[in-house]
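The values are calculated or read from the model by the stated rules, or taken from the named source; none is laboratory data. Bear in mind that the values here come from a model prediction, so they are computed numbers and not experimental data. Cβ sites come from the backbone with ideal geometry, for glycine too, and all protein chains shown count toward neighbours. Please note that ligands, DNA and RNA were not included when accessible areas were found on the heavy atoms of the full protein model with its side chains. Shrake-Rupley method; radii C 1.70, N 1.55, O 1.52, S 1.80 Å.
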Amino acid sequence: MSLHASARQVVEVAYRAAASTDWLAEVTRAAAGILSRGRGMIAFEYTMGRTDVPAVHPPITRDLSVARANEMVSGALATMPVSMIGRLFARPSRTVQSSTEVLCPGRPLASVSKLLGQQLATIGAGDCIAINLRAPSGRGIVLGGLCAEVTTLSRDERRASSLAARHLEGALRLRDVRAVETADAAAFALVRAPGIVGDVARALASGAAQKYLAIELGLPPGSVYRYIELLKAETGLASTVHLVAALREALPEALPQAHRPTLAVLSASEREVIEGALRGLTSREIAELRGSSSRTVENLLASAYRRLGVASRKELAARFGG
């Protein structure tokens, strides 16, 4: 199969399989005609957390043992300068980005990626020609083939690789859109769910602090975090921040106006300060009327906001001020 035909096959598979859970495995098989150089294929997903080093997921291999793949990846990361790791795996600011790299895991001083669009030095045996896809979420994919012998890349090979990389970007964006749609649908169902799971989802959506959820919902200490992990699994979201954002977005749609929290859910103190806020009084003015401190009033307002499912005086006035 020609390089051009191989690139077209990668494009076709990338979009066709975008909804499949085996997407990466299918793309790896299709990309063998472009990236394979006689020593097998490797592909893995990674996640960038708070550190500069990616958390690498179990690799997918073709004509290569998983043990060898793990050894190669860990060796490359161990010998690569931190600044280079930061450049290779940095999160793009807006959309999915790709680059085609040559990684040299066996040579510490040569563990510098070279863009295929530039003039390349000779690629050594054991080096890996890889497409690196990075998403703003911190998730990414590396898809590459190991060279069995010393080689150089022709202009046609660089073009085929660039074509595949561009369309893999598009397919990954499509996957992200579908993942967001799935997460939104799951979040909508969760904030309407009965029982403890629904209570935790609604409390998170209303802005309740995680450390106080157990007290507010009458749950055993530490159990809230287990429920949050369950919610993340249901939505497919890895980050608690993204989970809360999805739940907050779903809450107004899921709760009809007649079933949204009313002032009756507030304690006497919370209702007193909320009524003052609805009258347009400042926290200091409410404090003077109550004979308390402004800090106490702010704490009561924050607690009342959580119970009512609002985030500001503006939202409070929009819901109860009419």
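Please note which helices (runs of 4 or more DSSP H) are completely contained in region 189-237 and include at least 1 residues that are touching a helix residue (DSSP H, G or I) at 6+ places or on another chain (Cβ under 6 Å) and touching a residue at least 60 places away in the same chain (Cβ under 8 Å).
On the way: elements: 195-205, 210-217, 223-235.
Answer list for region 189-237: 195-205.
Per the listing Ala277, Ala318, the residue uniquely in a helix (DSSP H, G or I), at pLDDT below 80, over 29 Å from the mean Cα position of the chain (by Cα) and not charged (D, E, K, R) is Ala318. Close contacts from region 304-319, counting a first residue that is touching a residue at least 60 places away in the same chain (Cβ under 8 Å) and within 18 Å of Ala209 (Cβ to Cβ) and a second that is open to solvent by 60 Å² or more (accessible area, probe 1.4 Å) and not polar (S, T, N, Q), with Cβ to Cβ under 6 Å and a gap of 6+ residues or different chains, come to Arg307/Val265. Here Leu301 meets each of (1) surrounded by 15 or more Cβ atoms within 10 Å (Cβ to Cβ); (2) farther than 24 Å from Lys211 by Cα with one exception, condition (2). For region 1-26, residues that are at pLDDT below 75, under 26 Å from Ala238 (Cβ atoms) and of a type outside the set (Phe, Trp, Tyr) total 7.
Of the residues that sit in region 200-232 and are hydrophobic (A, V, I, L, M, F, W, C) and open to solvent by 70 Å² or more (accessible area, probe 1.4 Å), which one is farthest from Ser312 (Cα to Cα)? Break it down stepwise before answering.
From region 200-232, those hydrophobic (A, V, I, L, M, F, W, C) are 200-201, 203-205, 208-209, 213-215, 217, 219, 224, 228, 230-231; that's our starting set.
Going one step further and asking which of them are open to solvent by 70 Å² or more (accessible area, probe 1.4 Å), we end up with 215, 230.
Numbers: Ile215: 23, Leu230: 29 Å.
Residue satisfying both the conditions and the ranking: Leu230.
Note on region 261-273: among residues that are surrounded by fewer than 16 Cβ atoms within 10 Å (Cβ to Cβ) and under 15 Å from Arg202 (Cα atoms), the one that is modelled with the highest pLDDT is Val265. In region 22-38, the residues that are within 21 Å of Glu157 (Cα to Cα) reach residues that are open to solvent by less than 10 Å² (accessible area, probe 1.4 Å) and among the acidic types (Asp, Glu) with C-beta atoms within less than 9 angstrom, at least six apart or across chains, in these pairs: Arg37/Asp127.
Filtering region 27-51 to residues that are open to solvent by 40 Å² or more (accessible area, probe 1.4 Å) and either at pLDDT 85 or above or β-branched (Val, Ile, Thr) (or both) leaves Glu45, Thr47, Thr51.
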